[in-house]
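Here's a structure for you.
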Amino acid sequence: MVFLLLALLVLLLPSVRSSFTSMAGSAESLFFGLLVAAVILLGLQLITENLDSTLLRRDVAARDGKINELKARLYDHQLDQQRNTTGPMGAPRTGTTTLPEGYVAPTPTIPPTDAANQPLA
């Protein structure tokens, strides 16, 4: 910010420009000095922004990992509670239906058909 204000003063006010030019020796050396300072400041700003961005991404990744770990613990805890409340597990499911002894399946009833109501092929 200080550099920006100083550069604006040098560029906009001729009296400031002449006093800085007399300190630097010539106008070209003054503007070259300002250019070098601007490049250094811009480089430092880019480095610090990239470093800050990297640290923030690393922090977000660590927090996401912690959240996933807590979700896994919660899921495991819920499964343990569910197993404890339902009691021992029954027989495993095999996908086949077993019918109790003495079960008689009902016979399907087919409605009578009229030959007169049947469409011709």
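According to the square roots a ≥ b ≥ c of the eigenvalues of the Cα gyration tensor, what is the shape class of the range 1-85, taking rounded for a/c under 1.5, prolate for a/b larger than b/c otherwise, and oblate for the remainder?
Taking the square roots of the gyration eigenvalues as a ≥ b ≥ c, the range 1-85 is prolate.
What residues of the range 17-31 lie in the reach of a label at Gln45, counting those whose backbone N is under 20 Å from a point 7 Å from the Cα along Cα→Cβ?
Backbone N within reach: 31.
Which length gain, in nm to one decimal place, applies between Arg83 and Thr107 when the Cα-Cα distance is subtracted from 0.36 nm times their residue separation?
Difference between extended and current length: 4.5 nm.
On to the next question. Note down the net charge around Arg73, summing +1 for each Lys or Arg and -1 for each Asp or Glu among other residues with Cβ under 14 Å from its Cβ.
-1
Every number in this text was worked out from the coordinates using simple rules, so none of it is lab data. All values derive from a computational prediction rather than experimental measurement. So basically every Cβ, Gly included, is an ideal-geometry build from the backbone, and we count neighbours across all protein chains shown.
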